[in-house]
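Heads up, the thing below is written out as structure tokens.
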Amino acid sequence: MVSLFSLFFPRTCPMCGRYVGESMPKGRLCDDCLQHLPRTEQAVLRQNSTEEVVGVHAASFLFFEKDHPLQRVIHRLKYADQPQIGYELGRQAALEMLDTEFFEGIDVIIPMPLHPIRLRERGYNQAEYIARGLSAVTGIPVDTTHVTRVRNTPQQAKQTGDERRTNVKDAFAVNHPEQLYHKHILLVDDLITTGETMRSCLKAMRRHIRTQYSVFALCKAR
Ligand SMILES: [Zn+2]
């Protein structure tokens, strides 16, 4: 059933809250906010702070800073049932990165998996929506079946560095790794802070699949 609320709730920009008109896709930022996003330009940098923490070819689209309006957008993407924001920002990132070499040679996009319990609570995996946005522009397929989260780790924001390290250890499983042999894999996440989760995922995958890995994050914490 469609609620009256969703029928009549005006469509607004997830960043500034301004009315954007009903023809605007859900989750898309208004032109003004799009223009003022804190871009990293990492896709064209030979070395960057995302690569430094994850240890492979990598780029983030935006810088995440406390108290920047982008924080509200990411919060909505993760906790307020607005996954379309991920799709739209993924799409925007890919559009802007198309004329760089970043996506060259990549065979498959794998979003950072959520543990099934977390997935059930949230109802969606925000990283998958970002991946689908990247895929819509690049045409590279998204895979959500081979890498799974087997340990439910607490919310990272509430943990210390040491707790984080223990918690993400052995948190991932790889199913049918042989299907990914020799494929250049792009791992996607919404936000990279210490890079611990991503490194742990890469480590788990490398145990099973010796191939080329790249990483894309929507945001990199400064
Ligand atoms: Zn706006």
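Where a number appears in this text, it was derived from the coordinates with a stated rule and is not lab data. Only a predicted model underlies this, so the values are computations on that prediction, with no experimental measurement involved. Every residue, glycine as well, gets a Cβ built from its backbone with ideal geometry; the counts of neighbours run over all protein chains shown.
With R₀ fixed at 25 Å, the C-beta to C-beta distance from Arg11 to Asp67 puts the FRET efficiency at about 0.45. Across Pro14, Pro38, Pro111, mean-square fluctuation computed from a Gaussian network of the chain (C-alpha pairs under 10 Å connected) peaks at Pro38. Taking a point 7 angstrom from the Cα of Tyr124 along the C-beta vector, which residues in the range 11-43 have backbone N less than 17 Å away? The answer is 11-15, 24-30, whose backbone nitrogens lie closer than 17 Å to the label point. DSSP bridge analysis restricted to the chain gives an antiparallel fraction near 20%, rounded to the nearest 5.
Just His182, His146, His57 to compare: in a GNM of the chain, with alpha carbon springs under 10 Å, which one fluctuates most? Most flexible of the set in this elastic network: His182. At an R0 of 25 angstrom, the distance between the Cβ atoms of Arg222 and Tyr181 translates into a FRET efficiency of 0.10. The gain in end-to-end length when the Thr144 to Gln35 segment is fully stretched comes to 36.1 nm, 0.36 nm per residue minus the alpha carbon separation. Each Lys or Arg adds one and each Asp or Glu takes one away; over the other residues whose Cβ falls under 14 Å from the Cβ of Asp107, this sums to -1. Using a cut-off of 14 Å between beta-carbons, work out the net charge of the residues near Val44 (Lys and Arg +1, Asp and Glu -1, Val44 not included). Net local charge, Val44 excluded: -4. At full extension, Glu101 and Lys203 could sit 34.2 nm farther apart than now, given 0.36 nm per residue minus the alpha carbon distance. Taking the Cα centre of the chain as reference, the dipole from Cβ charges on Lys and Arg (+1) and Asp and Glu (-1) amounts to some 720 debye. The convex hull of the Cα atoms of the chain, projected and averaged over all directions, covers 12.8 nm². Both numbers refer to the Cα atoms of the range 15-64; Rg and Dmax are 14.8, 43 Å.
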